[in-house]
Amino acid sequence: MTSISEDDVQHYLEHGYCILEKALTADEVDMLHGEADELANYVTSEGFDLLHDFGGILEPLECGFLDAPTADERDYKTDLIAYIKRRDSLTPDVAQFMTSKLARWAGPLLYGSVEQNSPLYLLNEQYIIKPPKTKSLSTFQWHRDSDYYQDAKCRKEPTIACWIALDDVDEHNGTLYLGTMADKHSEAHGHHVVNIPAGSIVFMNCRLWHKSLGNESSLFRRAFMPQFCKRPVIDPDTNLPVAMAIPFE
């Protein structure tokens, strides 16, 4: 299994990101690729527009595909066993991949040490799907993930995004531009263009400026992006997690 090296950790600390090429097996890519298609087909069959109604973002457990949680799944946003049960009801083995492999890569980067990778909490997971020929509609402008939180305290919580390419990505089908960790974005700072094969992962600090291009190709472009944090990110108004807070051992 691919592992996180000291060089990966150092690059992440210095630049706010690191890239593991071809980290996933072909079976893992197929599993996530298939789930992305299943969810996209579902929302389309229900009369929704993937971009207009969802912004191209589908959360597997929140997009309406699954029925209401059973009694033993009720706490799936905060309890690992309940989460695994509900996640497996959608696609078996995704939860296993998340807990056994992805968390082991994300933890050392989040903590800045190959010797430490826990405690680690799953904050969110989403598919980012860009339909073909949607160049002007499927662009995400420069942003930082931390800026999506309204509360200043939440914005300061360190989190890591694991952007997994499920198709080969380049500047024609909606790849990423990675900027800097500066307080304000400037084009003068330059950027790194991500051109990677399917199964590769871009790990990004929540304070990293980044954007993604629109998809001008004739094919769908799919990515899967779980996010992790060191501790639950709590909404001060409700005293509940802003999304999920599932402890990964």
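No value in this document is a laboratory result; all are computed from the given coordinates. Everything numeric in this text was worked out from a predicted model, so none of it was measured. Virtual Cβ from ideal backbone geometry, glycine too; neighbours counted across all protein chains shown.
Amide H contacts for Leu240 (H built 1.01 Å from N in the peptide plane; partners 5 or more residues away or on another chain; cut-off under 5 Å): Asp235.
Label zone (Thr238, point 7 Å along Cα-to-C-beta; backbone nitrogen cut-off 16 Å) within the stretch 58-87: 59, 61-64, 69, 74-79.
Comparing Asp53, Asp168, Asp79 in a Gaussian network model of the chain, where Cα atoms under 10 Å apart are tied by springs, the biggest mean-square fluctuation is seen for Asp53. Just want the answer: with Cβ charges of +1 for Lys and Arg and -1 for Asp and Glu, which residue in Ile160, Asn215, Leu13 is farthest toward the dipole's positive end in the chain? It is Leu13. Taking θ as phi - 60° and the Karplus parameters 6.51, -1.76 and 1.60, the scalar couplings of the stretch 111-128 work out to 8, x, 7, 6, 8, 10, 9, 8, x, 9, 10, 6, 8, 6, 8, 7, 9, 10 Hz in sequence order, x denoting glycine and proline. Dipole size of the stretch 95-205 about its Cα centre, with +1 on Lys/Arg Cβ and -1 on Asp/Glu Cβ: approximately 160 debye, rounded to the nearest 20. Magnitude of the charge dipole for the chain, about its Cα centre and with charges confined to Cβ atoms of Lys, Arg (+1) and Asp, Glu (-1), is about 580 debye. With the contact rule set at Cα under 8 Å and sequence spacing of 6 or more, what percent relative contact order holds for the stretch 6-248? Computed over the stretch 6-248, the figure is 30 percent. Backbone phi angles across the stretch 173-185, fed through the Karplus curve with coefficients 6.51, -1.76 and 1.60 (θ = phi - 60°), yield HN-Hα couplings of 10, x, 6, 9, 10, 9, x, 10, 9, 5, 5, 10, 7 Hz in residue order; Gly and Pro are listed as x. Highest GNM mean-square fluctuation among Glu59, Glu171, Glu187, for the chain modelled with Cα contacts below 10 Å: Glu187. Residues whose amide H comes within less than 5 Å of that of Thr159, counting only those at least five positions distant or on another chain, are Cys206 (H built at 1.01 Å from N in the peptide plane). Cα centroids of the stretch 49-108 and the stretch 165-213: how far apart, whole angstrom? Centre-to-centre (Cα) distance: 25 Å. Candidate cross-link partners of Lys153 among the lysines, defined by an alpha-carbon separation under 23 Å and a same-chain spacing of 8 or more, comprise Lys77, Lys184, Lys230. Taking amide H as placed 1.01 Å from N in the peptide plane, the amide H of Leu120 sits under 5 Å from that of Phe248, each at least 5 places away or on another chain. Of all lysines in the structure, those lying under 30 Å Cα to Cα from Lys133, and not within fewer than 8 positions of it along the same chain, are Lys22, Lys211. Simple rule: put +1 on each Lys or Arg Cβ and -1 on each Asp or Glu Cβ in the stretch 6-248, find the dipole, and look at Leu24, Pro119, Ile81; the Cα lying farthest toward the positive end is Pro119.
In plain terms, the residue of Phe140, Phe203 with the fewest other Cβ atoms within 10 Å comes first and the most crowded comes last, giving Phe140, Phe203. Annotation note: GluC sites (Glu not before Pro) in the stretch 1-101 located in DSSP loop regions with a Cβ neighbour count of at most 12 within 10 Å are Glu21, Glu46. The Cα atoms of the stretch 88-127 give a gyration tensor whose axes a ≥ b ≥ c have a/c of 1.5 or more with a/b greater than b/c, which makes the shape prolate. Here the Karplus curve 6.51 cos²θ - 1.76 cosθ + 1.60, taken at θ = phi - 60°, turns the phi angles of the stretch 15-26 into couplings of 10, x, 7, 8, 10, 10, 7, 6, 6, 8, 6, 4 Hz, with x standing for Gly and Pro.
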